[in-house]
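In what follows, a single structure is set out as structure tokens and then discussed.
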Amino acid sequence: MARTGAVLPVALGALAACLGVALVTQPPGGVGDGFRGRQGAEIDKRAIEPLDVVRAPGDLGEQAFAHARTLVGFGQRHPGTPGWSKQLDHIETTLAALGLTVQRDTWTDRKERITFTNLAATIPGKRPDRIVLACHHDTKCTQGHADPEHNFHFVGANDGASGVALLLALAPVLKATPREATIELVFFDGEESLDWAWNDAARALFGSKRFVQKHRDAQLLGKEPRIAAVVLLDMVGRTDLHIQDELYSTRELRQLMWSAAVATGHQAAFCQRAEAAADDHKPFLDVGIPALDLIDLNGNPHWHKPTDTLDNMAPASLQKVADVVMTMLPVVERRYALRTD
Ligand SMILES: [Zn+2]
């Protein structure tokens, strides 16, 4: 993913810092709901909706951390590496052990000559409309770049493994509870930019772009229920967790995330700063599907650095995100999947 639009002048930034004010990006025009890829306005933190708290099991953070340890043990996991293959197998066997059917979508990008694989598994609910819970499984390739500073040993503990690990740990919990909407767990490949720079996702988001295109094609043929909303987990395990108010995400979903953070007592780790981040939710937003990115990018010193290791992750952080997701999810199901318009 990529930071975008940090445009405030240095002097204003310094003033903001002096005043203890969070430095934020300014939405163009100050309007927008995250649809069609526009940045929206920051959330209103005073608008807190009372929610029924749904806590994840107390050891879920530990379970997710154990998955992350396994994934990191596979080494680098960009497409074509042995670690990438092992990780796909780990995701598949973990979900299959729960009785879930895993769909592998493997394709070769003609231009890049790279073979990618998305994985998806469906947990049926009362309604066919789907809520997609997603992450990316590839890690940033940190070899072969022109700038020697971009070539280093990298295991992507948070950027990559944490989202996968949390989805795997959540899967049995989600499956054990009857759900209003169908939940689809999706593990995207090729999120990371092949160029070191983001370059407006010209060579990134391969998996999510393909997923959305296939979904659109299937819907045109009447072959697939609609995707009602998307919740994306990316970099959700840092010890000093801070899930930003990500400004591309649908504002209504960001407000809901904030309410869930307050309800669960985890608000210190959420929405203390606001910034847009281009990520796998963008292709969904671009076709009008509401989407939320739970991402810890703003102020994260380990992003695409050798220090993105398990040492800088904590089970307690994964637990907090799990609590917020579990608390939000029933509301997302009711509000989006049961909507008839
Ligand atoms: Zn990354």
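What follows is calculated from the coordinates using simple rules that are stated; it is not laboratory data. Note that the structure is a prediction, hence the values are computed from the model and not measured. Heads up, the Cβs are rebuilt from the backbone with ideal geometry, glycines too, and the neighbour counts pull from every protein chain shown.
Here region 29-337 is treated with +1 on each Lys and Arg Cβ and -1 on each Asp and Glu Cβ, and its dipole about the Cα centre works out to around 800 debye. Going from the residue with the fewest nearby Cβ atoms within 10 Å to the one with the most, 162, 85 rank 85, 162. Take every Cα pair under 8 Å whose residues are at least 6 apart in sequence, average their separation, divide by the length of region 29-337, and the relative contact order is 28 percent. Extension gain for residue 115-residue 335 works out to 75.5 nm (0.36 nm per residue, less the C-alpha to C-alpha distance). D by Stokes-Einstein for the chain, Kirkwood Rh over Cα pairs, 4 °C, 1.567 mPa s: 65 µm²/s. Annotation: amide H of residue 231 within the under-5 Å range of 132, 133, 134, 292, sequence separation 5 or more or interchain, hydrogens built in the peptide plane.
Seen from residue 156, the other residues with C-beta closer than 12 Å to its C-beta sum to a net charge of -3, counting Lys and Arg as +1 and Asp and Glu as -1. Shown for 42, 62: other C-beta atoms within 10 Å of each C-beta, ranked fewest to most, produce the order 62, 42. Taking the number of Cβ atoms within 10 Å of each Cβ as an exposure proxy, the fewest-first ranking of 287, 155 is 287, 155. Placing dummy labels 7 Å off each Cα toward the beta-carbon, the span from residue 44 to residue 307 is 3.9 nm. The packing ranking, built from the mean of other Cβ atoms within 10 Å per residue, places the peptides 254-262, 176-184 in the order 254-262, 176-184, highest first. Set the Cα radius of gyration of region 118-195 against 2.2 N^0.38 Å, with N its number of residues, and you get 1.41. With contributions of -39500 (n - 2.57) from each DSSP H run of at least four residues, the per-residue ellipticity at 222 nm computed over the chain stands at -9500 deg cm²/dmol. Checked against a 20 Å cut-off, the cross-linked pairs 111/209; 140/209; 111/305; 214/282; 111/282 give Cα-Cα distances beyond that limit for 111/305; 111/282.
The H on the amide N of residue 243, modeled in the peptide plane, is under 5 Å from the matching H of 270, 271, each at least 5 residues off or on a different chain.
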